[in-house]
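In what follows, a structure is listed as structure tokens, so that the remarks can point back to it.
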Amino acid sequence: TKATSLGDFTCTCMSDPSISKVGGAAQCTGDECEAKPCGDDQTCTDPTAMDAGKKNDFVCQCLSGKEATGKPADCNVDECTATTPSPCGDGQTCNDPDQLKTNDFECACESDPTVKKVGKPATCEKDECSTSPCGKDQTCNDPVKTNLSIGDFTCECGNGVKTTGAAATCEVDECGPSPCGKGQTCTDPDTAANKLHDFECTCDADPSIKRVDGPATCDKDECTLVPCGKDQTCNDPVKTVGSIGDYVCECANGVKSTGTAATCENDECSASPSPCGTGQTCTDPDKASNKLHDFVCACNGDMSITKVDGPATCEKDECVPNPCGMGQT
């Protein structure tokens, strides 16, 4: 403007003619954010605000951090579906009432919708044992029944073995090695459940005789198997499978052996001197049975003359042969 006097000139901004100043330079910033082009809930930044010639380089930024240059940003974000899994977790519903805002989603317990939490999962009652996570015949315990303590349940076997957060592995067969002993069959009906002291002993000789958690009392006379030698007597003092090997074999002369046949052969004719004396033959007819006093003495001059358990009475003519000499009778 042509000045009529000193200091009365006017400076007007070319970018915005409404901005002017008399007697000095107007402040023409060119800040496009002054017009609020981004809208509510967004911040606006003009990196060339001091350069009025630059247009549409302002930046709009959402509260979530999402940006757009030269125009408002699209800030609509459903926080309930933006991530997988849901930020609320299992057993809860998620609702985002204002998708322009962040951390305003709401979690509500499905079991009780009145229990809610904004910006993080609600604390809901949850008993993990209700889904039977443990194996058969295992006990389940959930010490803290909330969704914030998932995996703290314990599974316990019948013998006390425990596992946290998973079914216990506790199979055991009590029959290996067999606790029943000889002559009995051992059966463990429930090895998977790991129940202790439930094994069953059954007598082989009589399967109707059984016992749980210990050897059965089975009648068994070992002498029926004739374990002793010929002409030996057998005695089984305790006739049960729990006393195998206690039978006694006894010879006729009183020699005994426990758990095995006795060794009792004896030839009475082997004594020195011979029990029959001179002029007789001694025979022991049954050495193997060790019968005493059954030896036989037979006269050498007449074998038909015999005696048992002692010398035979043999006729002997002392004049034959003639001991007197010639010319004598």
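The values are calculated or read from the model by the stated rules, or taken from the named source; none is laboratory data. Predicted model only: the values in this text are computed from it and were never measured. Cβ: placed from backbone, ideal geometry, glycine included. Neighbour counts: every protein chain shown. Only protein heavy atoms, including side chains, enter the accessible area calculation; ligands, DNA and RNA are left aside. Shrake-Rupley method; radii C 1.70, N 1.55, O 1.52, S 1.80 Å.
Can you tell which of 261, 216, 168 shows the greatest fluctuation in a Gaussian network model of the chain with Cα springs below 10 Å? Checking each option, the largest mean-square fluctuation is seen for 261. Annotation: aspartates and glutamates with alpha-carbon distance below 17 angstrom to residue 230 (same-chain offsets under eight excluded): 222, 250, 265, 267, 284, 286, 294.
Comparing 129, 269, 175 in a Gaussian network model of the chain (Cα springs below 10 Å), the most mobile by mean-square fluctuation is 269.
Descending by average beta-carbon neighbour count within 10 Å, the peptides 131-140, 33-42 line up as 131-140, 33-42, the highest first.
Compared with the alpha-carbon gap, the fully stretched path from residue 139 to residue 34 is longer by 30.9 nm at 0.36 nm per residue. Of all accessible surface on the chain at a 1.4 Å probe, what whole percent is carbon and sulfur? Carbon and sulfur atoms account for 51 percent of the accessible area of the chain. Using a simple spin-label model with pseudo-atoms 7 Å out from Cα toward Cβ, residue 303 and residue 104 lie 13.5 nm apart. Pairs with C-alpha atoms separated by more than 26 Å, drawn from the list 210/239; 162/182; 36/116; 136/182; 36/66; 162/210, are 162/182; 36/116; 136/182; 162/210. A 1.4 Å probe run over the chain, with the rest of the protein chains in place, finds 63 Å² accessible per residue.
The residue 274 and residue 204 beta-carbon pair, evaluated with R₀ = 45 Å, returns a calculated FRET efficiency of approximately 0.25.
Simple spin-label estimate for residue 293 and residue 319 gives 4.0 nm between the two label positions (7 Å along the Cα-to-Cβ direction from each Cα). Assuming R0 = 51 Å, can you tell me the calculated FRET efficiency for the pair residue 156 and residue 61, based on Cβ-Cβ distance, to the nearest 0.05? With R0 = 51 Å, the Cβ-Cβ based efficiency is 0.35. Counted over the chain with a bin width of 20 Å, the fraction of Cα pairs per bin, in whole percents, is 16, 18, 16, 13, 11, 9, 7, 5, 3, 1, 0.
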